[in-house]
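The structure appears below as structure tokens.
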Amino acid sequence: MAESTFTPKENYKLTVLRQTLVGKITNGQAGKLLGLSIRQVRRLKRLVEKDGNEAIIHRLKGKPSNHQAPKSLKGRVLSQVKEVYRDFKPAFAAEKLSENDHLIVHPQTLRRWMIAEGLWKQRKRKKVDYRSWRPRKEYFGQLEQFDGSYHDWFEGRYRNSNGEPIETCLLAAIDDATGKITHAWFSPHEGVVPVFLFWHVYVYTLGKPLGIYLDKFSTYKINHKSALDNSELMTQFERLAQNLDIELITAHSPQAKGRIERLFQTLQDRLVKEMRLESINTPQTGNRFLKKIFIPKFNEQFAVTAAKEGNVHRPLIKLDRQNSNRIFSIQSKRTINNDFTIQFENVWYQLLELQPTTIRPKETILTEKWLNGTVHFSFRGYYLNYSVLPQRPKKQKANPAIITRHKLMWKPGPNHPWRKPFRNHS
């Protein structure tokens, strides 16, 4: 073989070995130059003397690898990829081939095969602005990153009665210390009620995290400029977090809460395809799949160990559980009318004559709409008794001045002091 067919590295090795053969350098010097031991240098010298210059070329050069996959396996794998996993990424396709089809192939090998077949296109790395890296929190439950993602999660399979696709939002929380998905749930939107339902399940299952990292969506934060000067202005969610003693941290950019953003990128690829393979077409079956199968499997595969051992989620105290309906309610203030009626969400309510506390017209009360849809009126720590009116009540000429714990037309008994004659003891 001519020296011109050798690679530069092979030419350099041959030159060094020739110098040792003619005595220009020692075996020790050759070993240092080639990064070999003296024993290896001596072995190569004997091979060069015996077989000539070709002795320095690896004997498998130009030959098929001993670890090359059988052609029959390659054909079966590519056939299955084209039929079932055509839009899967190579690593995910290799995982599902092993799990569902018992075809074992390395992801890098599958990537090369898919590129050659035109099933996968190599992507160039995007240039991104430098951002300093924030270390993970130390304990599980110290910080939860939370957000919602609108996406075609069911690939058009979830439709209304008119056959139109229904938009769905996935609410998810990921633990900052471990990267575990702590809870995920499909909901119609990212409004107050779905978010309250999400965290109601969360705190009853895992407890209260020390903090929640989220964005400036209107459900979580008042973004009006007046909110900067008035700290009392808060959203329903901020009031909920305050009642549960959970710190809220607002991110100023998507990159700041990158862990949850990257999670949604992963779920929009993996979860969508997993649900397709399982023929899941509705949020209800999707939520069961998330809880029982997908989240445990995902956490086992991708979660990391926290820097410090321990779970700092705080269990709900007795008072939290007793006031659960109130804490997780949508609250607003209303004024009692002169006829002791209250208007809320275009419905009129009449306060009953008997109440647990004294009430006067024009009092301001707290309206609570619980997660089960029922409406409750709270005043001085008491829930008021009421009935629902079929329509707006008509104005009356005379109305009672107050309503209280007993009937206003109450008559004293025959032996009551009021019925005894007045005596002047002066």
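The values are calculated or read from the model by the stated rules, or taken from the named source; none is laboratory data. Values in this document were obtained by computation on a predicted structure and should not be read as measured data. As a convention, Cβ positions derive from the backbone with ideal geometry for all residues, glycine included, and neighbour counts pool all protein chains shown.
Worth a mention:
- Checked against (1) of a type in the set (A, V, I, L, M, F, W, C); (2) at pLDDT 90 or above; (3) loosely packed, with under 12 Cβ neighbours inside 10 Å, W418 passes all but condition (2).
- Boolean, K308 is part of a loop (DSSP other than H, G, I, E, B) and more than 28 Å from R239 (Cβ to Cβ): yes
- One residue stands out in the stretch 298-312 among those that are under 27 Å from L271 (Cα atoms) and surrounded by fewer than 13 Cβ atoms within 10 Å (Cβ to Cβ): the one that is farthest from the chain's Cα centre (by Cα), namely T305.
Yes/no per residue for (1) at pLDDT 90 or above; (2) farther than 30 Å from L210 by Cβ; (3) not polar (S, T, N, Q):
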position: S72; (1), (2), (3): no, yes, no
position: L97; (1), (2), (3): yes, yes, yes
position: W120; (1), (2), (3): no, yes, yes
position: D129; (1), (2), (3): no, yes, yes
position: G141; (1), (2), (3): yes, no, yes
position: G148; (1), (2), (3): yes, no, yes
position: G156; (1), (2), (3): yes, yes, yes
position: S161; (1), (2), (3): no, yes, no
position: D175; (1), (2), (3): yes, no, yes
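- Taking the numbered list (1) at pLDDT 90 or above; (2) assigned to a strand (DSSP E or B) in turn, L240 passes all entries but (2).
- All of (1) more than 24 Å from P90 (Cβ to Cβ); (2) in the same structural domain as P188 (by TED's automatic domain parsing); (3) outside any strand (DSSP E or B) hold for D320 with one exception: (2).
- Output for the stretch 353-395, where each listed residue is outside any strand (DSSP E or B), at negative phi and loosely packed, with under 12 Cβ neighbours inside 10 Å: N372, T374, P390, Q391, R392, K394, K395
- Note on the stretch 51-93: residues that are surrounded by 10 or more Cβ atoms within 10 Å (Cβ to Cβ) and either under 30 Å from T15 (Cβ atoms) or in contact with a His (Cβ under 7 Å, 6 or more places away or on another chain) (or both) amount to 7.
- Conditions (1) of a type outside the set (F, W, Y); (2) touching a Gly at 6+ places or on another chain (Cβ under 8 Å); (3) surrounded by fewer than 15 Cβ atoms within 10 Å (Cβ to Cβ); (4) in the same structural domain as I174 (by TED's automatic domain parsing); number of the one not met by P315: (4)
- The lone exception for E167 - which of (1) surrounded by 13 or more Cβ atoms within 10 Å (Cβ to Cβ); (2) modelled with pLDDT under 90 it fails: (1)
- Close pairs (6 angstrom Cβ cut-off, 6 or more residues apart or separate chains): among the β-branched types (V, I, T) in the stretch 6-21, part of a loop (DSSP other than H, G, I, E, B) anywhere: none
- Residue count for the stretch 271-294, restricted to those that are within 14 Å of the chain's Cα centre (by Cα) and surrounded by 17 or more Cβ atoms within 10 Å (Cβ to Cβ): 3
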